[in-house]
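The values are calculated or read from the model by the stated rules, or taken from the named source; none is laboratory data. Since the model is a prediction, treat every value here as computed from it, not as a measurement. Every residue, glycine as well, gets a Cβ built from its backbone with ideal geometry; the counts of neighbours run over all protein chains shown. Only protein heavy atoms, including side chains, enter the accessible area calculation; ligands, DNA and RNA are left aside. Shrake-Rupley method; radii C 1.70, N 1.55, O 1.52, S 1.80 Å.
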Amino acid sequence: MKAHSPTRWRFKRPSVIPGFGMALGLTLTWLTLLILIPLSGLAVRSSALGWEKFWSIALDQRTLNALRISFGTAFIAAIVNAVFGIILAWVLVRYRFPGKRVIDAMVDLPFALPTAVAGIALATLYAPNGWIGQFLTPLGIKIAFTPAGIVVALIFVGLPFVVRTVQPIMEEIDKEVEEAAATLGANRFQTIFRVLLPGLAPAVLTGFALAFARGVGEYGSVIFIAGNLPFKSEIAPLLIVIKLEEYNYAAATAIAAIMLILSFTMLLVINLIQSWSRRRYGYGA
Amino acid sequence: MQTQRFTRLLAAAVMAGSFAIGSIAPAFADQTLLNVSYDPTRELYKDFNAAFAAKWQKDSGETVTIQASHGGSGAQARSVIDGLDADVVTLALEGDIDAIAKATGKIPADWKTKFPNNSTPYTSTIVFLVRKGNPKGIKDWGDLVKDDVQVITPNPKTSGGARWNFLAAWAWAKQANGGDEAKAQDYVGKLLQHVPVLDTGARGATTTFVQRGLGDVLLAWENEAYLSLEELGPDQFEIVTPSFSIRADPPIAIVDGNVDKKGTRKVAEAYLNYLYSDEGQKIAAKHYYRPIKPEAADPADIARFPKLTLATIDDFGGWKSAQPKFFGDGGVFDQIYKPAQ
């Protein structure tokens, strides 16, 4: 996160630290093999369609709905994760209490669990006859097999991202900063919103972006709880699978390419906001 | 291309995974067969593989290890296309085997003629599973579109079983309306509005109905319905056989390209032929598949199958015309799917 050359666009001057050439070469090769080649394969495959066909798939009502559901639910889930992730990280960083280590370890569980398992477990819990669902159903709240169920699944899989990106930054904030704020007459509210949060903003944004990106691409946990009804709760990754089931590889890659472009654009925007806020407020900038 | 190599790698990983789960045989076998099948045949092939291995040992003295890979029929076909080294495929739909034949050339185009009965050793049909006592009074297809009935079926886009469900409903409605296609389409469209969840596969739909308690009726493979009944106790569900349904033909084929490479043709052929033997037919009937030679099976097993009128896929002009017409991109399913608001 450090080691940014001060805001100007230029290559680094030769450094006393050796190995730049080799490290960059390795980086580029590695990135090319793992990311660029597979992704350009995607582009090549979908280009076989031609623009007209590509657009007709992209602008198909069903595709649009699926994309809206995927990006919409991922966005909501990422926001929820951002809010509760900050609170979780705060508790873990600032307080000592019995069982803290256990809770700390629990945060990572969604990383380790196969997402399909999470999906099945959540669907079982929130189904109308599930442990939680049976109490919600009489209230007229339906979670499983609606877009709300997708949000629940995405909150689950995205939880560790915010906590784990915010936590180290939070640990760096000196208590004195808050004490200084207090001595200068800030109330608790002001301390949180004017002193603490601005400094955490870049990390929170990173966590948000990661949780969001994960949510957009999530498949396993979602299809079990979504209900998968076209136009209603059908996510874009499922639509890709459906196209594959039809042996329609070109259409599948086209939807994948659209998701890729959208995701990349959004991540880029989030990155720009993030670097702006890091320059403006950030710790370790 | 790199992506293809990657998929192949992935397929290999998947295969390794299914080996780990699917095989219970000794570590060093003389021959190894990989049967790539669809979801609800797990129990059938577990039994059948053991029987065949014993027979092969007795007849030829060789030990044969049979590995079984199960999953959604279309996904399984895709794995084979992407390089999964299947010796034989036993899938839910003709179209899936056709897809392998077309994409890889590893299966000859006339594969259907290689084994008896259009390469279909057993058939099944589509029946209803309802909750005990049949509280909604569901007797036949017409009852499925009554106001308060919820129907569970998987997504025909991703599930072979769901396509049979769809066509069974269509065939019933067409026949009930004196062959009127428009009315059939109207009925199936209405039926889909009664579906609250579209799972991606038949097993998922069964779970939704049985475990999650969703819906009043599950459209299911007959064998799957009986299995649910057997597994979960007959005190919770009962099977309603409609007056009219469709004969579901899950076909089989040898993947020539692979058996020739691996030198397993002889055992692969014996394996599939064994499905047609009296023992094979008996095992199929035991697992609630309708054998094509009912006389070979245990009469008690055959007695479990109620008689009903069955349409066949030929009434739709075969899968070659039914698949694109109903389930292809922009096909009937896409046109009539109007989600319940």
>> Tell me the per residue accessible area of the range B:107-183 using a 1.4 Å probe; a whole number in Å² is fine.
In response: 36 Å²
> Farthest toward the dipole's positive end in the range A:136-242, which of A:180, A:201, A:236, given Cβ charges of +1 (Lys, Arg) and -1 (Asp, Glu) about the Cα centre?
Replying inline: A:236
>> How long are the semi-axes of the equivalent ellipsoid of the range B:88-147, taking √(5λ) for every eigenvalue λ of the Cα gyration tensor, in whole Å from largest down?
In response: 38, 13, 9
> Once Lys and Arg get +1 and Asp and Glu get -1 on their Cβ, which of A:106, A:35, A:148 lies farthest toward the positive end of the dipole of chain A?
Replying inline: A:35
> Considering only DSSP beta bridges whose two residues both sit in the protein assembly as shown, what percent are antiparallel, to the nearest 5?
Replying inline: 55 percent
> Using alpha carbon centroids, what distance separates the range A:135-182 and the range A:98-123, in Å?
Replying inline: 13 Å
> Do any trypsin sites (Lys or Arg not before Pro) in the range A:42-123 lie in a loop, going by DSSP, with at most 15 other beta-carbon atoms within 10 Å of their beta carbon, and if so which?
Replying inline: A:96
> Which Cα, out of B:76, B:253, B:63, lies furthest along the positive dipole direction of chain B (beta carbon charges, K/R +1, D/E -1)?
Replying inline: B:76
>> Checking understanding here: applying a Kyte-Doolittle mean of at least 0.5 and a length along the axis of at least 18 Å (C-alpha), which whole DSSP H helices in chain A pass?
In response: A:61-94, A:147-172, A:197-217, A:249-280
> To the nearest 20 debye, what is the magnitude of the charge dipole of the protein assembly as shown about its Cα centre, counting +1 on the Cβ of each Lys and Arg and -1 on the Cβ of each Asp and Glu?
Replying inline: 2320 debye
> Under Stokes-Einstein, with the Kirkwood radius over Cα pairs standing in for Rh, what whole-number D in µm²/s applies to chain A at 25 °C and 0.890 mPa s?
Replying inline: 114 µm²/s
>> With both bridge residues required to lie in chain B, what share of the DSSP beta bridges run antiparallel, to the nearest 5%?
In response: 55 percent
> For residue B:58, which aspartates and glutamates qualify as cross-link partners when the Cα separation must be under 18 Å and same-chain residues fewer than eight apart are set aside?
Replying inline: B:30, B:47, B:269, B:278, B:279
> Where the accessible area of the range A:238-285 is counted over protein heavy atoms with a 1.4 Å probe, how much of it, in %, is carbon and sulfur?
Replying inline: 71 percent
> For residue B:157, which lysines qualify as cross-link partners when the Cα separation must be under 17 Å and same-chain residues fewer than eight apart are set aside?
Replying inline: A:232, A:243, B:320, B:325, B:338
>> Using the Cα centre of the range B:116-245 as the reference point, and only Cβ charges (+1 on K/R, -1 on D/E), how large is the resulting charge dipole? Debye, rounded to the nearest 20.
In response: 220 debye
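In whole percent, what relative contact order does chain A give with Cα contacts below 8 Å and a gap of six or more residues?
30 percent
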>> Leaving out ligands, DNA and RNA, and with a 1.4 Å probe, what % of the accessible surface on the range B:109-250 is carbon or sulfur?
In response: 46 percent
> Using protein heavy atoms only (no ligands, DNA or RNA), what is the total accessible area buried between A and B, 1.4 Å probe, nearest 100 Å²?
Replying inline: 2500 Å²
> Which far-off residues, 5 or more places away or on another chain, put their amide H under 5 Å from the one on residue B:125, with H placed in the peptide plane?
Replying inline: B:222, B:223, B:248
> How big is the charge dipole of chain B about its Cα centre, in debye rounded to the nearest 20, if each Lys and Arg gets +1 on its Cβ and each Asp and Glu gets -1 on its Cβ?
Replying inline: 400 debye
>> Between helix B:42-60 and chain B, what is the angle of the helix's C-alpha long axis to the longest principal axis, kept within 0 to 90° and rounded to the nearest 10?
In response: 30 degrees
> Cα-based Rg of chain B per 2.2 N^0.38 Å, rounded to two decimals?
Replying inline: 0.99
> Tell me which lysines have Cα within less than 21 Å of residue B:55's Cα, excluding those fewer than 8 residues away on the same chain?
Replying inline: B:46, B:266, B:282, B:286, B:293
> Can you give the extra length, in nm with one decimal, that the chain gains between residue B:312 and residue B:60 once fully stretched, where that is 0.36 nm per residue apart less the Cα-Cα distance?
Replying inline: 86.8 nm
> At a probe radius of 1.4 Å, what is the per-residue accessible area of residue A:104, in Å² to the nearest 10?
Replying inline: 50 Å²
> For chain A, what is the calculated [θ] at 222 nm in deg cm²/dmol (nearest 500), taking -39500 (n - 2.57) for each run of four or more DSSP H residues and dividing by its residue count?
Replying inline: -22500 deg cm²/dmol
> Taking the radius of gyration and the Kirkwood hydrodynamic radius from Cα positions alone, what is the Rg/Rh ratio for the protein assembly as shown, to two decimal places?
Replying inline: 1.03
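Please list the three semi-axes, largest first and in whole Å, of the ellipsoid equivalent to the range B:191-287, using sqrt of 5 times the eigenvalues of its alpha carbon gyration tensor.
Semi-axes, largest first: 34, 17, 13 Å.
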